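Just so it is clear, none of the values below were taken in a lab; they were calculated from the coordinates. Everything numeric in this text was worked out from a predicted model, so none of it was measured. As a convention, Cβ positions derive from the backbone with ideal geometry for all residues, glycine included, and neighbour counts pool all protein chains shown.
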Amino acid sequence: MKHLLAIEDLSREQIEAILDRAESFAEVGRRDIKKVPTLRGRTIVTLFYESSTRTSSSFELAAKRLSADLVSVKAAGSSVDKGESLKDTVATLSAYDPAAIVIRHPYAGAAQMVAGWTPAAVVNAGDGKHEHPSQALLDVYTLRRRLGTLEGRRIWIVGDVLHSRVARSNLIAFQRLGAEVTVCGPPTLIPRGIEELGCEVSHSLERLGEAEVVYALRLQNERMRESFVPSLREYAASFQIDSRRLNPRQLLMHPGPVNRGVELSGEAIDSPQSLIAEQVAAGLVVRMAILYELLAGGERPAPVGAGDGAGAPTPIGQPA
Amino acid sequence: MSLRGSLDVRPGEDAHLVLRRATVLDPVAGIEGVHDVVLRDGEIAELAAPGEAAVEGAEVLEAEGLHAFPAFFDPHVHLRTPGHEHKEDVETGTRAAAAGGYCGILAMANTEPPVSTAADVAALREQARAGASVPVGFLATVTRGMAGQELTEMVELREAGAVGFSDDGLPIVSARVMRRALQYQRLCGGTIALHEEDPELSGEGAMHEGPVSAALGVAGIPSVSESTMIARDAALAAYEDARIHVQHLSAAESVQAVRAAKAAGVKISAEASPHHLCLTDEEVRSLDPHRFKMNPPLRREADRQALIEGLRDGTVECVASDHAPHQPEEKDVPFEQAAFGVTGLETAFAALHTELVLSGTIELGLLVERLAGGAAPFGIERPSLAPGSEANVVLCDLGAEWTVGEDGYESRSANSWCAGRTLTGRVLVTVAAGQVAFRLRSFSLGVAA
């Protein structure tokens with residue numbers, strides 16, 4: 001695996017390899033010293049054209065835990081503000097010879113284009129409304145830990161599917177691991193033709209009880225002004241996941257940040273069946289696993305955290 | 001009127017050519033067979049029996065096994081002049097047209113500034129007389145500055161030589177303005193060519209709305225964005241007894257709307273572009289804006305089939321390239337940010353021959369007819385091989401394979417939807433309004449040897 005651009009590109013085996021790797025990093029996370037030398041001397045650039053808390057911070061921390069040198073570039077305040085094109089920005093950053101570039105961009109296909117412009121490995125940290133593969137991987141990681149397997153599990157993705165890259169990546173990832181997926185929301189927020197991706201479509205929460213996992217999506221306030229929904233009030237009345245609609249055996253997930261009282265009620269967020277905090281924790285180990293797979297993994301079953309193991313580059317001070 | 005009489009071209013010498021033993025095909029004129037085609041004094045002087053034509057004083061091209069057709073006419077080209085000469089100009093655009101087998105083209109008015117005044121038209125006509133390889137006609141905008149609000153001085157524009165009118169690139173959103181333009185047409189003549197799209201429905205769309213846009217998370221342009229506007233304007237044209245031409249049909253619903261309007265007697269014509277006839281939105285999965293981002297967007301296979309059916313039954317009377325050059329910096333960006341448009345003049349015939357004729361989808365004769373069908377909707381004489389007609393001839397090698405872009409382009413831009421494709425069928429010589437406008441270098445060398 002040279003890049004991580006889309007879940008669409010990954011086989012079930014490739015997904016599972018990353019999840020297995022993440023499990024071993026979870027073990028490292030329980031140690032006192034949480035850092036491993038795997039990527040010592042290598043540079044990772046994060047390039048974010050959109051705001052982000054979870055994704056940027058967890059990729060940055062993942063890089064540091066792997067001992068990589070980190071350069072974080074935010075579009076705001078950089079030469080992007082001065083009108084530099086994505087291509088030129090990538091050429092500039094590539095001059096530092098980074099091992100990987102982690103990019104978030106407001107438009108579909110940006111990460112894929114960047115992969116054509118740089119020798120570095122490229123990680124898509126969200127491209128427009130297209131894909132968000134690291135989110136999908138951390139979500140299936142979280143679910144696999146809780147459920148053992150996704151095979152045959154019924155998962156409902158509820159909310160603004162139209163504007164959600166998370167919905168698209170998760171839909172594919174869940175199905176690739178054997179789950180059956182239903183997407184649910186008002187017809188204005190379900191993309192026309194989505195059923196050709198192999199999911200069911202529902203415009204009502206009536207049958208939500210059949211789901212084992214309920215994955216709620218963020219509804220942005222501005223959707224109202226564009227007539228996607230008449231009001232947040234009416235949306236919540238029909239599609240909010242609350243304790244009344246959620247039964248105690250169902251698991252609840254959300255990619256964050258949550259619009260409390262819109263797509264989720266406060267008590268649902270804070271209920272024991274909510275996996276939202278576990279998702280955030282999974283973000284770190286899964287992103288460590290992604291960077292490891294791309295930069296040190298490959299086919300080599302390198303031991304994790306075992307000092308200068310087989311997967312580690314030549315230590316500093318020794319001839320390469 | 002002949003092309004030379006109605007359009008503008010750089011003056012040159014009339015060719016005196018004999019295409020010896022060419023396989024001649026002009027379905028409209030009812031010509032099919034092997035002939036010596038004699039071009040002289042700007043006309044098709046004679047279709048002689050093979051090997052029998054008098055060759056004295058003429059250049060002879062050995063055309064055995066090669067095909068001669070009426071040269072093509074493209075009613076929809078963006079020459080980007082004035083304002084965007086870094087993408088294309090009159091010289092490079094007409095060279096590209098000649099290389100594609102065209103003997104005449106119509107240039108769109110969505111330049112910078114748009115072609116909205118008589119002075120704009122006069123300046124462009126002068127440029128064409130100075131440097132156009134093939135005859136060019138210029139459309140003027142329907143509304144001032146393409147703002148969709150006020151009509152241009154359509155009478156004066158026609159007197160200055162505007163062939164017709166179009167705000168192409170943008171729809172005329174206001175039904176009131178549209179209706180006024182159709183009423184005013186009675187005074188000035190000139191077909192009004194329409195880019196049909198409801199921006200309220202297209203929104204921020206960058207591709208066809210359907211399963212592929214759903215999978216990519218790219219905002220979609222629904223088919224009804226096009227077809228509802230066609231239905232509106234067909235109704236207005238019927239009400240005002242006006243003449244309209246629908247540009248770049250892309251959706252099955254649109255073909256149906258035009259067909260229904262024609263059946264009701266509306267004076268309406270329609271064009272389809274080679275990329276819409278050959279490709280579907282499945283190509284967009286690559287998110288390659290260089291080759292696959294254009295407006296209207298590539299649609300579904302059922303839409304493509306409906307367009308082909310439209311070509312067959314005459315609902316779509318012509319093929320138009322919608323040649324839309326862009327520079328790399330406008331395309332080397334993520335799909336949604338990239339400019340709409342692809343080039344197509346140099347590849348239209350070869351692509352359609354490869355994809356539709358060789359696949360057995362349509363007959364060669366139908367393709368030849370539709371490629372020359374873009375003149376009549378604008379009141380321009382259709383290119384013909386009938387003796388006595390103006391010499392507008394294209395000579396093709398239907399067996400020649402070539403890879404698009406390998407030897408560069410005549411166009412100043414390289415955003416060809418065919419880039420990298422291997423096509424079968426190549427234009428060797430184009431004669432436009434009596435003059436040799438193009439000859440493939442290797443072919444002329446072959447003759448000399």
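Some observations on this one:
- Sequence-distant lysines (8 or more away, or on other chains) whose Cα lies within less than 22 Å of B:Lys293: A:Lys87, A:Lys129, B:Lys87, B:Lys331
- Taking a point 7 Å out from the Cα of B:Phe340 in the direction of its Cβ, the residues of the range B:43-85 whose backbone N falls within less than 19 Å of it are B:75-81, B:84.
- Dipole magnitude (debye, nearest 20) for chain B, charges at Cβ of Lys, Arg, Asp, Glu: 520 debye
- Selection from B:Ala270, B:Ala63, A:Ala110 lying farthest towards where the dipole of the protein assembly as shown points positive, charges on Cβ: A:Ala110
- Choice from B:Glu363, B:Glu197, B:Glu355 with maximal GNM fluctuation in chain B (Cα, 10 Å cutoff): B:Glu363
- Each of A:Ala136, B:Thr111, A:Leu252 was scored by the projection of its Cα onto the charge dipole of the protein assembly as shown, and the greatest displacement toward the positive side belongs to A:Leu252; charges sit on the C-beta of Lys, Arg, Asp and Glu.
- The lysines whose alpha-carbon is closer than 23 Å to the alpha-carbon of A:Lys35, local same-chain residues fewer than 8 away aside, are A:Lys64.
- Counting only lysines at least 8 places from A:Lys2 when in the same chain, there are none with an alpha carbon closer than 18 Å to its own.
- Positive minus negative residues near B:Ala71 (Lys, Arg vs Asp, Glu; Cβ under 12 Å): -2
- DSSP assigns beta bridges within chain B; of those with both partners inside it, close to 50 percent run antiparallel.
- Gain upon complete extension [A:Glu200, A:Asp270; 0.36 nm per residue less C-alpha separation]: 22.3 nm
- Paramagnetic reach from A:Ala277 in the range A:234-252 [backbone N under 20 Å; point 7 Å along Cα→Cβ]: A:242-243, A:248-252
- Counting neighbouring beta carbons within 10 Å and listing from fewest to most, the residues B:Cys103, B:Cys418, A:Cys199 come out as A:Cys199, B:Cys418, B:Cys103.
- From least to most packed, judged by other beta carbons within 10 angstrom and beginning with the fewest, B:Thr422, B:Thr111 follow the order B:Thr422, B:Thr111.
- Taken about its Cα centre, the protein assembly as shown carries a charge dipole of about 2920 debye when Lys and Arg each add +1 at the Cβ and Asp and Glu each add -1 at the Cβ.
- The range A:133-278: antiparallel DSSP beta bridges as a percent of all, rounded to 5: 0 percent
- If you bin all the Cα-Cα distances of chain B at 20 Å, starting from zero, the percentages per bin are 27, 59, 13, 0.
- Two-site FRET efficiency, A:Arg244 against A:Met1, from Cβ-Cβ distance with R₀ of 45 Å, rounded to 0.05: 0.55
- Expected-Rg normalisation [2.2 N^0.38 Å, Cα atoms] applied to the range B:5-154: 1.29
- Sorting B:Thr430, A:Thr55 by the number of Cβ atoms found within 10 Å of their own Cβ, with the fewest placed first, yields A:Thr55, B:Thr430.
- Dipole magnitude for the range B:325-383: about 240 debye, using +1 per Lys or Arg Cβ and -1 per Asp or Glu Cβ, origin at the Cα centre.
- Beta bridge orientation in the protein assembly as shown: antiparallel %, DSSP, nearest 5: 35 percent
- More than 40 Å apart - percent of Cα-Cα pairs taken over the protein assembly as shown: 44 percent
- Length-normalised contact order of the range A:133-278 in % [C-alpha pairs under 8 Å, at least 6 apart]: 22 percent
- B:Glu150/B:Glu126 FRET efficiency (R0 25 Å; Cβ-Cβ; nearest 0.05): 0.40
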